[in-house]
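Written out below as C-alpha cells is the structure these notes cover.
Each reported figure results from applying straightforward, stated rules to the coordinates on display, with no laboratory input. Since this is a predicted model, take the numbers as computed values, not measurements. Here the Cβ is made from the backbone with ideal geometry for all residues, glycine too, and neighbour counts use every protein chain on show.
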Amino acid sequence: MKFLLMAIALLFSTSAIAETKILIASSYPAVSTFNEQAQFIADKVRVLTNGEVQMEIKPAGALVPAFQVLDATASGAVGGAWTQSYYWVGKDKTLGLFNSPLGGPFGMDGIDFLGWMFHGGGLEMYREFYQKVLKLDVVPFPSMPTQNQPLGWFHRPIKDLADLKNFKCRQTGINVELYARMGMQTIGMPGGEILAAGQKGVINCAEFVGGLEDERLGFPTIWKYYYLNSLH
C-alpha cells in the first residue's frame with residue numbers, strides 16, 4: 001500500500017505500510033514550508049511508534065520530479081508522496097474536489113473542508129476515488145488543507161477583466177482551465193520552477209499558496225503587485 005500525504009495530504013503505497021523506514025517524495029522545493037510541515041508529521045510518527053516507523057521527507061527532484069510523485073508512489077518506486085490532489089486533474093478533474101477548497105471566498109474554507117472530509121463522507125469518497133476510479137495502489141491521508149488562496153503576484157497592475165489576456169501566469173489544477181477561459185495565458189509548473197520562469201520572462205505572474213510560502217520562493221523579488229482572492 002502506498003501513502004499519499006496531500007497538503008495537503010500524504011499518500012502511501014500499500015507495500016510501504018509494512019515498512020519501518022519510508023521514503024516520502026515531496027512535490028515541493030527544499031525551501032518550502034510545506035516540507036517543514038511534512039517533517040512535523042514524520043517526527044510525530046517516529047515518537048508515537050517509539051522509533052519503529054521513520055519517514056524520510058525528500059524535496060522535489062531528490063527522488064522523482066515534483067509532478068511524478070503520485071505515479072512513483074503507485075508503482076512502489078517510493079514509499080509515499082507529500083503533494084496535492086489538484087496536481088493530478090489531468091488524470092481526472094474530480095481530483096480538484098479533494099484539495100484546497102474550491103470557490104475561493106465564496107465556497108468552503110479549510111475548516112469546512114476538514115468537516116466534510118472527516119464527518120461528511122469526504123475521506124471515504126477520497127480514498128475510493130484513488131483506488132477504484134483511478135485504480136492506483138495508494139491510500140491518501142489528508143493532513144493540512146490550505147485556506148482559500150490568492151489570485152497571485154503580477155508584474156504590473158491589472159486594469160480590468162479583459163486585461164487578463166495580457167498576462168502569462170503559472171496556475172495549477174482546475175484554475176488552469178478556468179483562467180484560460182477568461183483569456184489568461186496559463187502555464188502549469190512545479191513551485192520550485194516558478195521564480196526562474198519569471199526571471200526569464202516565460203511567465204509574468206504566478207500563484208502558489210500565500211504570502212509566507214510565496215516569499216520563501218522569492219516572488220516579491222520580481223513581482224510587486226499582489227492580488228486576493230482566487231477561485232480556490
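Structure notes:
- Rounded if a/c under 1.5, otherwise prolate or oblate - the range 152-227, Cα gyration tensor axes: prolate
- A P(r) calculated from all alpha carbon pairs of the chain, with 10 Å bins opening at zero, reads 8, 33, 36, 18, 5, 1 percent.
- Take the Cα of K91, step 7 Å toward its Cβ, do the same at A196, and the gap between the two points is 2.6 nm.
- Between Q185 and R156, the contour length at 0.36 nm per residue exceeds the alpha carbon distance by 8.9 nm.
- Radius 13 Å from Cβ of K132, net charge of other residues (Lys, Arg +1; Asp, Glu -1): -2
- Under-20-angstrom lysine pairs by C-alpha in the chain, whenever the two are 8 or more apart or on separate chains: 20
- In terms of packing, defined here as the mean over residues of other Cβ atoms within 10 angstrom, the peptides 215-228, 62-75, 80-93 line up highest first as 80-93, 62-75, 215-228.
- Share antiparallel - DSSP beta bridges, the range 152-227, percent rounded to 5: 50 percent
- Estimated dipole of the chain in Debye, rounded to 20 [Cβ of Lys and Arg +1, of Asp and Glu -1, Cα centre]: 520 debye
- Rounded to the nearest 20, the Cβ-based charge dipole of the range 152-227 about its Cα centre (Lys and Arg +1, Asp and Glu -1) stands at 280 debye.
- Here the extension length gained between Q131 and L48 equals 27.1 nm, from 0.36 nm per residue of separation less the Cα-Cα distance.
- Farthest towards the positive end of the charge dipole of the range 148-232, among the residues V176, N148, A197, is the Cα of A197, using unit charges on the Cβ of Lys, Arg, Asp and Glu.
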